[in-house]
Amino acid sequence: MKTSAVIDQLKRRFPNEPEYYQAVQEVLESIEDVYNEHPEFEKANLIERLVIPDKIHSFRVTWVDDKGNVQTNMGYRVQHNNAIGPYKGGIRFHASVNLSILKFLAFEQTFKNALTTLPMGGAKGGSDFSPRGKSDAEIMRFCQAFVEGLWRVIGPNMDVPAGDIGVGGREVAYMFGKYKKLTGEFTGAFTGKGIEFGGSLLRPEATGYGNVYFLNEMLKTRNIALKGKKCLVSGSGNVAQYTCEKLLQMGAIPVTLSDSDGYIYDPDGIDEEKLKYVMELKNIYRGRIREYAEEYGCKYVAGGRPWGEKADIALPSATQNEIDKEDAEKLVANGIFAVSEGANMPSTPEAIEVFQKNKILYAPGKAANAGGVSVSGLEMTQNSERISWTAEQVDEKLKWIMRNIHENCVKYGTENDGYINYVKGANIAGFMKITKAMMAQGIL
Ligand SMILES: NC(=O)C1=CN([C@@H]2O[C@H](COP(=O)(O)OP(=O)(O)OC[C@H]3O[C@@H](n4cnc5c(N)ncnc54)[C@H](O)[C@@H]3O)[C@@H](O)[C@H]2O)C=CC1
Ligand SMILES: O=C(O)CCC(=O)C(=O)O
């Protein structure tokens with residue numbers, strides 16, 4: 001297998017899908033040597049079967065807005081691979097959603113889920129619907145219409161969606177309600193549900209908490225304490241909020257947050273009280289991060305990203321490709337020594353090259369942000385057993401999973417000079433598990 005040849009072929013077969021090629025290329029480059037040691041993989045044409053999704057469902061979503069206008073959006077579910085468990089992955093509602101983005105996310109999810117130690121395959125879905133400025137009633141009608149297109153291809157043993165950008169507890173609840181009504185069954189067909197109807201404690205917190213646990217494991221390899229370290233966090237949604245919460249609990253100091261309009265820099269640190277304000281602003285009033293700067297009198301940069309501010313650690317938690325080469329160079333020049341990705345693929349390949357060349361502790365999203373889907377997996381277990389674990393029980397399991405992922409990255413990613421290449425480690429560890437399962441199950 002030669003990565004460049006596989007990518008060229010994907011470009012011919014699936015034109016105009018840059019995010020998808022980007023995600024596939026990163027994985028193939030790091031597994032190429034291991035793959036080529038196994039002629040049986042080539043004989044089974046494992047590469048094409050691994051990079052091309054099992055199934056892609058697409059459907060029109062028709063709904064009525066508050067003014068009575070009939071609106072249409074596109075809905076999708078990319079079921080990438082179910083070799084190790086039912087398809088599993090979030091739903092994204094954002095104007096930018098297209099098949100390239102969902103295919104990259106479903107591909108990444110497959111490797112991430114393999115790392116969690118839990119039996120979950122990979123999928124991702126979503127719509128080009130923008131929740132921005134929509135009323136609660138419009139969100140509900142849209143979610144219900146979306147599930148009308150989706151419900152036949154999901155289920156607790158088939159495919160279990162959850163949240164992602166633009167989809168949180170409110171949207172999951174509306175989708176779950178509609179699914180329940182259509183099927184007449186109360187099953188764990190979604191995760192991220194409310195606690196009252198089968199959700200797991202700590203699922204909302206899990207991605208952000210898990211990322212900080214993973215970061216802490218990386219810091220330990222260099223005997224660095226997290227306490228007192230200044231952190232650049234991007235985004236201000238679910239992942240960013242709970243990343244800040246755990247950073248504060250562990251004595252670190254988050255100093256930035258952002259949204260698609262710009263970023264705030266608070267040199268005094270975003271403390272518990274200010275974080276509570278952000279949570280209310282974003283989760284209840286659905287406001288803009290600019291309002292934080294107005295409330296607390298700090299710097300706001302319209303249209304900017306926080307990567308030029310001085311700090312010790314960066315935790316990108318907004319969206320894909322939000323750190324480019326220039327941003328990465330700024331981060332390194334400012335003395336950042338660790339980057340742990342809460343978002344999926346937030347760094348471009350050129351940015352990753354800068355981090356690795358400079359021997360920065362760099363954790364790709366598929367390892368560092370796996371805490372969210374891990375607790376989703378734990379929610380599936382609790383639903384199947386019809387039990388609920390305490391927050392302490394879930395947190396213990398989450399910590400164990402993040403430590404385990406870190407150990408696997410060290411096992412497969414340590415280079416001759418001792419530098420831990422977490423990209424290589426995560427990709428090889430995930431690849432070995434998925435391919436073993438695919439080989440055992442025959443040609444499908
Ligand atoms: N929610 C979860 O459990 C998990 C989420 N992720 C990833 O974390 C990232 C954030 O997701 P959530 O916090 O769940 O979503 P969210 O919808 O709660 O928050 C998204 C944040 O990103 C910002 N954002 C979105 N598009 C942007 C753009 N083009 N430029 C700048 N900012 C932008 C939004 O303003 C918002 O602050 C995404 O990459 C997602 O795929 C990864 C693992 C699990
Ligand atoms: O909890 C899940 O199933 C999905 C989480 C997710 O979308 C992700 O890990 O990117």
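The values are calculated or read from the model by the stated rules, or taken from the named source; none is laboratory data. Note that the structure is a prediction, hence the values are computed from the model and not measured. Backbone-built Cβ (ideal geometry, glycine too); neighbour counts: all protein chains shown.
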Hey, among the residues in segment 328-379 that are among the hydroxyl-bearing types (Ser, Thr, Tyr) and surrounded by 21 or more Cβ atoms within 10 Å (Cβ to Cβ), which one's nearest to ligand 2 (Cβ to nearest atom)? Ser376
Are any of the residues in segment 119-129 over 23 Å from Leu444 (Cα atoms) and either away from ligand 2 (no atom under 16 Å from the Cβ) or modelled with pLDDT under 95 (or both)? yes
Residue set Ala162, Ala123, Ala145; condition under 16 Å from the mean Cα position of the chain (by Cα) and over 22 Å from Ala363 (Cα atoms); output residue Ala162
Note on segment 162-204: residues surrounded by fewer than 24 Cβ atoms within 10 Å (Cβ to Cβ), in contact with a Cys (Cβ under 9 Å, 6 or more places away or on another chain) and within 21 Å of Gln109 (Cα to Cα) are Glu171, Val172
Condition check for Gln109: over 22 Å from Thr72 (Cα atoms) and in a helix (DSSP H, G or I): yes
Expected single match for closer than 21 Å to Gln241 by Cα and either in contact (Cβ under 8 Å) with a residue 40 or more places away in the chain or more than 14 Å from ligand 2 (Cβ to nearest atom) (or both) among Thr207, Thr187 is Thr207
Which count do you get for residues in segment 266-308 that are assigned to a strand (DSSP E or B) and within 27 Å of Gly169 (Cα to Cα)? 0
Do you know which of the residues in segment 246-265 that are touching an Asp or Glu at 6+ places or on another chain (Cβ under 8 Å) and part of a helix (DSSP H, G or I) is nearest to ligand 1 (Cβ to nearest atom)? Lys246
Tally the residues that are of a type in the set (Gly, Ala, Ser) and more than 16 Å from His38 (Cβ to Cβ), restricting the search to segment 396-444. 5
Can Thr319 be described as surrounded by fewer than 23 Cβ atoms within 10 Å (Cβ to Cβ) and either in a helix (DSSP H, G or I) or away from ligand 2 (no atom under 16 Å from the Cβ) (or both)? no
